């Protein structure tokens with residue numbers, strides 16, 4: 001892999017985030033520092049980093065793919081309304097046994113639990129009857145060909 005200024009800035013953007021950004025968020029952050037970067041370069045670089053094992057992805061591939069620079073074993077909490085994604089650790093979840101019936105699908109290389117619900121902010125807004133547009137998730141399909 002050739003290390004270019006744009007690729008380095010893309011990696012810096014995701015490595016400096018605890019928010020599990022999608023490609024569009026990474027693009028906006030990098031573009032503030034490197035106005036010539038394209039969204040295509042961001043997508044290609046993020047998938048390259050994923051292929052090299054330097055980041056992982058989370059969430060269903062049919063939605064906007066989120067990228068995670070934390071390669072340590074951990075789990076995720078994801079808000080269904082605003083898209084907030086946070087890492088958490090749990091020894092009990094780490095010790096879950098994979099059912100033998102899963103073997104019929106193929107081998108298991110890794111596991112993690114994704115807990116879904118409504119974050120405290122969204123739950124409060126729901127209880128009060130307010131749902132500002134800024135808190136609603138932006139759901140864009142992943143880039144064509146991004147499926148694996």
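The values are calculated or read from the model by the stated rules, or taken from the named source; none is laboratory data. Just so we're clear, the structure is a prediction, and the values are computed from it rather than from any experiment. Neighbour counts are summed over all protein chains in view; Cβ atoms, including those assigned to glycine, are modelled from backbone coordinates with ideal geometry.
Among the numbered criteria (1) exposed (fewer than 10 other Cβ atoms within 10 Å of the Cβ); (2) in contact with a helix residue (DSSP H, G or I) (Cβ under 6 Å, 6 or more places away or on another chain), which single criterion is violated by residue 81?
(1)
Got at least one residue in the range 85-100 being within 15 Å of the chain's Cα centre (by Cα), surrounded by 11 or more Cβ atoms within 10 Å (Cβ to Cβ) and assigned to a loop (DSSP other than H, G, I, E, B)?
No: zero hits.
Would you please name the residue that is surrounded by the most Cβ atoms within 10 Å (Cβ to Cβ), looking only at residues in the range 28-56 that are part of a helix (DSSP H, G or I) and touching a strand residue (DSSP E or B) at 6+ places or on another chain (Cβ under 8 Å)?
Among them, the one singled out is 46.
What tally of residues in the range 101-129 results from selecting those that are closer than 30 Å to residue 25 by Cα and not in a loop (DSSP other than H, G, I, E, B)?
So the count comes out to 13.
Among the numbered criteria (1) out of contact with any strand residue (DSSP E or B) (no Cβ under 8 Å at 6 or more places or on another chain); (2) at pLDDT below 95; (3) surrounded by fewer than 19 Cβ atoms within 10 Å (Cβ to Cβ); (4) within 23 Å of residue 85 (Cβ to Cβ), which one does residue 25 miss?
Every condition holds for residue 25 apart from (3).
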